[in-house]
Amino acid sequence: MPTLIAGVVAVVVLYSLLQMFRAANPAVLARALKIVGGVVTLAVAAFTGVRGELAVAIPLGIFGAGLLGWVPFGTSIGDIGGLFGRGQPQASGQTSRVRSQFLEMILDHGSGQIAGRFVNGPNAGRSLEEFDLPQLSAMIANFDAESAALLESYLDRRFPAWRQHAQGDGAGGQRRAAASGKMTDEEAYQILGLKPGAGRDEIARAHRSLMKKLHPDQGGSTYLAARVNEAKDTLLRTHHS
């Protein structure tokens, strides 16, 4: 009987952990896994070091420290930091902006995180982070198609499993909204996170970088990927003409 109870408890715990894993913010989950991996690696390094296997313990210790964000021997060893994503600086402060009638979304190029705020309506000026999933999903039906698609893209990043639990006619589907009009050069520069006058190579690099984060095949947003493609085409047409 105790074995049966223990088995049931184990199944319940595993199911709960699975649900938490599916609903977790990808960035938060990745950071948590990185920290756990670093702690475990350092523990294994310490154990092997005590046993005298320094040839194994030292590389493991360096790797574990890197996962936790510690660069052994100071910052002069840039290559070690690079192994953990620290050697190559990521466009510090560079952001992309996509705006609709009711919303403005800001994508940080370095972290890939999306933040948003209301620019019109009763919640104008407030951040989307102030609202929970039921509140945000209830707003979709009251938005124009473009704003609704933008909000859904935000929910995809913040609540990855929200579509599986969404109910009602419009919520949870992959919405393909038509742009409200021809994209201006100013909008295109904001979407790609570039300054006016950027060259073709800069446009291409920004487009490639954003598509790695936003392409639907990589778990990104169909709508945002389409806007990034439109921004690139708009600016390249301008250069061609």
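Read-outs: derived from the displayed coordinates by stated rules, not from any lab. Given the structure is predicted, the values throughout are model-derived calculations rather than measurements. Here Cβ is always computed from backbone atoms with ideal geometry, including for glycine, and neighbour counts include all displayed protein chains.
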Exercise for the section: Between residue 132 and residue 239, with labels modelled 7 Å along Cα→Cβ, what's the label distance in nm to one decimal, could you check? Expected result: 4.7
Handout entry: Fully extended contour minus Cα-Cα distance, from residue 230 to residue 205, at 0.36 nm per residue
Key = 7.5 nm
Handout entry: At R0 = 35 Å, FRET efficiency that the Cβ-Cβ distance of residue 44 and residue 212 yields, to 0.05
Key = 0.65
Problem - Relative packing of peptides 111-120, 187-196 - highest average C-beta neighbours within 10 Å first - result: 187-196, 111-120
Exercise for the section: Just tell me which lysines come within less than 30 Å, Cα to Cα, of residue 34; anything on the same chain fewer than 8 places away is out. Expected result: 212, 213
Practice task
Taking a cut-off of 15 Å between Cα atoms, list the aspartates and glutamates near residue 195, but don't count ones fewer than 8 places away on the same chain.
Solution key: 185, 186, 187
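Work out, step by step, the length gained on full extension between residue 182 and residue 35: first 0.36 nm times the residue separation, then minus their alpha carbon distance; give nm to one decimal.
Details: separation 147, 0.36 × 147 = 52.92 nm, distance 4.52 nm.
Difference between extended and current length: 48.4 nm.
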